[in-house]
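Below is one structure; the comments refer to it alone.
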Amino acid sequence: MFTGIITGVGRIVAVRDLGSSSSYGKRLSISTPEAYLDDVGLGDSIALNGACMTVTSLDLPERQFTIDISAESLDKTAGLAEPDGQVNLEKALRAHDRLGGHIVSGHVDGIGTVSRFAPVGESWELRVLAPHALARFLAYKGSITINGVSLTVNEVTDLADGSEVSINLIPHTVENTALGTLREGSTVNLEIDTVARYVERMLQAGMLPGAGGASKKDNHT
């Protein structure tokens, strides 16, 4: 589990094929800020642009770690196989940590496209077109994770091909995450709010008080 509060910005320094065909994944080497890996061990979870990955090797003198990412994960995410690309990093949540953002699983639900990224006063407006399948999970003042960053939705506009969310980024967020490298047309990893996911499930199964449909004993998965 994560919180969507970025703890460092890394860089993809190497991308290696794990096999000779597209059915194989890739091995990524990630460079990190000074001392970032001091409390990291093999097998630990680190989210890269919002996607939970497992540390497979460590090179502390070079401040680098590696992860193996499957072809399926590459197909369902954005920006995780681009040499020299910047990535947002977050270590897994510990029981005694502050929950500064919101509960984030590190599982990407869809890929969005940046439709606007421009300064507005001292801040920046980020607009992202989300896939139609995620539209019902997006709400005014609700939470969304974009490339691993916990953000608050300021506006939702439903369109024929999806929903556009507008988000205000303060200078601190732009300066301390890789979101500052986004441009119109950039693709981003999206994760919907966990609470919204469960509300949707309960509505579908008729589990909420007063809702029609199946009883609490039905539709177990």
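The values are calculated or read from the model by the stated rules, or taken from the named source; none is laboratory data. Please read all numbers here as calculations on a predicted model, not as lab measurements. Glycine gets a Cβ as well: all are built from the backbone with ideal geometry, and neighbour counts include every protein chain shown. Calculation scope for accessible area: heavy atoms of the full protein, side chains included, ligands and nucleic acids excluded. Shrake-Rupley method; radii C 1.70, N 1.55, O 1.52, S 1.80 Å.
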Residue 87 long-range amide H proximity, modeled H, under 5 Å: 10, 11, 12
Across the range 95-106, in residue order, what do the Karplus-derived ³J(HN,Hα) couplings come to in whole Hz, using 6.51 cos²θ - 1.76 cosθ + 1.60 with θ = phi - 60° and x for Gly and Pro? 4, 9, 6, 6, 9, x, x, 8, 5, 10, 8, x
Placing one identical point scatterer on every Cα of the chain and ignoring solvent, what is log10 I(q)/I(0) from the Debye formula at q = 0.08 Å⁻¹? -0.31
Any idea what angle helix 194-205 forms with the longest principal axis of the chain, computed on alpha-carbon atoms, 0 to 90 degrees, nearest 10? 40
Shape call, the range 55-159: gyration tensor on alpha carbons, a/c limit 1.5: prolate
Please give the length that would be gained between residue 199 and residue 21 if that part of the chain were fully extended, namely 0.36 nm times their separation in residues minus their C-alpha to C-alpha distance (nm, one decimal). 60.0 nm
What distance in nm separates the simple spin-label points at residue 120 and residue 172, each placed 7 Å from Cα in the Cβ direction? 2.0
Taking Cα centroids, how far is the range 34-105 from the range 160-186 in Å? 20
What distance in nm lies between label points placed 7 Å from Cα along the C-beta direction at residue 59 and residue 92? 2.5
Sorted peptide list for 139-148, 29-38, 12-21, 182-191, criterion being average Cβ within 10 angstrom, highest first: 139-148, 182-191, 29-38, 12-21
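How much of the accessible area of the chain, in percent, comes from carbon and sulfur atoms when a 1.4 Å probe is used? Could you put the intermediate results ahead of the total?
Numbers: 5940 of 11710 Å².
Reported share for carbon and sulfur atoms: 51 percent.
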Sorted largest first, the Cα spans of the range 1-109 on the principal axes come out in Å as 44, 35, 22
What is the distance, in nm, between label points placed 7 Å from the Cα along the Cα-to-Cβ direction at residue 84 and at residue 161? 3.0
